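One structure is given below, encoded as structure tokens.
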Amino acid sequence: MVVSLTNPREKFWGAILDLSTRGLGIRGIELNSFDDYVSMLRSGEACGPCEVFFPMHRVERIETDLSNGGIPSVAERFLTATGKPAFRLLGKVQSRSVNRQ
């Protein structure tokens, strides 16, 4: 998933851990850091995704990470750059609660 946030404006890529009327929990990385993160992984540095919670008033949009024509998805870019599938980074995610109130 790609999550667009407001105040401050930022984008996160990752897997949803929790979604409720209160907010969104996600395990992933900020897209502005993607290239740096990939470089760290390639050089063998120990690094992992962060788990963060964003209150719903900050969540502008949640998009499925899909390729679009010739533009690869973030997961495809990650696989090409690291040789590892995204689920290895994000781990097995089981939603703790999804509340659609």
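Observations, loosely collected:
- Residues of the stretch 55-81 that are surrounded by fewer than 16 Cβ atoms within 10 Å (Cβ to Cβ) and among the hydroxyl-bearing types (Ser, Thr, Tyr): 64, 67, 80.
- Count - residues of the stretch 38-77 that are of a type in the set (Ser, Thr, Tyr) and in contact with a helix residue (DSSP H, G or I) (Cβ under 8 Å, 6 or more places away or on another chain): 1
- Filter pass, residue 69 being on the phi > 0 side of the Ramachandran plot, of a type outside the set (D, E, K, R) and over 12 Å from the mean Cα position of the chain (by Cα): yes
- Applying the criterion of being in contact with an Asp or Glu (Cβ under 8 Å, 6 or more places away or on another chain) and among the hydrophobic types (A, V, I, L, M, F, W, C) to the residues of the stretch 4-49, the residue that is farthest from residue 81 (Cα to Cα) is 24.
- Pair list, Cβ under 7 Å, 6 or more apart: the stretch 34-60 residue free of Cβ contacts under 8 Å to residues at least 40 places away in the same chain, other residue part of a helix (DSSP H, G or I) and basic (Lys, Arg): none
We did not get these values from a lab; they are worked out from the coordinates using the rules stated. Since this is a predicted model, take the numbers as computed values, not measurements. Using ideal geometry, Cβ is built from the backbone for each residue, glycine included, and neighbour counts are taken over all protein chains shown.
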